[in-house]
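Visitor: Take this structure, written in structure tokens, and hold onto it; I'll ask about it next.
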Amino acid sequence: MEIPFTSSPRSSLGVEWELELVDLETRELTGASTSILDEIGGGAEHPKAKHELLESCIEVITGVCTTVDEALADLRSTVTEVADAAGSRGLGVMCSGTHPITDYATQQISPNPRYAKLVEDMQWLARRLQI
């Protein structure tokens, strides 16, 4: 079986980064990704900020970049958009392997059919996935 590959004239890179949405008062994860993504996308899908499994997480991505500086600038722009929208809701953004104090059982699944299918297929494992 042949797998088609599109080459490029030089090396490139792309980055994806998951940002947790944290209440600035309680420090707990807070499900607000849908409202934030609606705001920064202007009612359409944002090209560089997406849902993750949990409503308390937003994934930011870069385009295809040719340098690390280009990738950093690309990320910075989207993270600033997300952080500003989160800040207006009393939330901050952070990243960690897993949140140190939030109980997984309090987390809502994002409204994406792909994630509903993942939870249906994996059940307990997916519901506990807070990383």
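Visitor: Check the stretch 33-43 and report whether any residue there is open to solvent by 60 Å² or more (accessible area, probe 1.4 Å) and under 30 Å from residue 8 (Cα atoms).
Guide: No, because not a single residue in the stretch 33-43 is open to solvent by 60 Å² or more (accessible area, probe 1.4 Å) and under 30 Å from residue 8 (Cα atoms).
Visitor: Anything in the stretch 6-45 that is hydroxyl-bearing (Ser, Thr, Tyr), farther than 18 Å from residue 78 by Cβ and in contact with a strand residue (DSSP E or B) (Cβ under 6 Å, 6 or more places away or on another chain)? List them, or say none.
Guide: 30
Visitor: On to the next question. Going through the stretch 58-78 one residue at a time, which ones are open to solvent by less than 70 Å² (accessible area, probe 1.4 Å), among the hydrophobic types (A, V, I, L, M, F, W, C) and either farther than 15 Å from residue 38 by Cα or without any contact (Cβ under 8 Å) to a residue 40 or more places away in the chain (or both)?
Guide: 61, 65, 71, 73, 75
Visitor: Need the failing condition index for residue 82 against (1) farther than 26 Å from residue 107 by Cα; (2) in contact (Cβ under 8 Å) with a residue 12 or more places away in the chain, just the number.
Guide: Among (1) farther than 26 Å from residue 107 by Cα; (2) in contact (Cβ under 8 Å) with a residue 12 or more places away in the chain, the lone unmet condition for residue 82 is (1).
The values are calculated or read from the model by the stated rules, or taken from the named source; none is laboratory data. Since this is a predicted model, take the numbers as computed values, not measurements. Neighbour counts run over all protein chains shown; Cβ positions are idealised from the backbone, glycine included. In case anyone asks, the SASA skips ligands and DNA or RNA and just uses the protein heavy atoms, side chains included. Shrake-Rupley method; radii C 1.70, N 1.55, O 1.52, S 1.80 Å.
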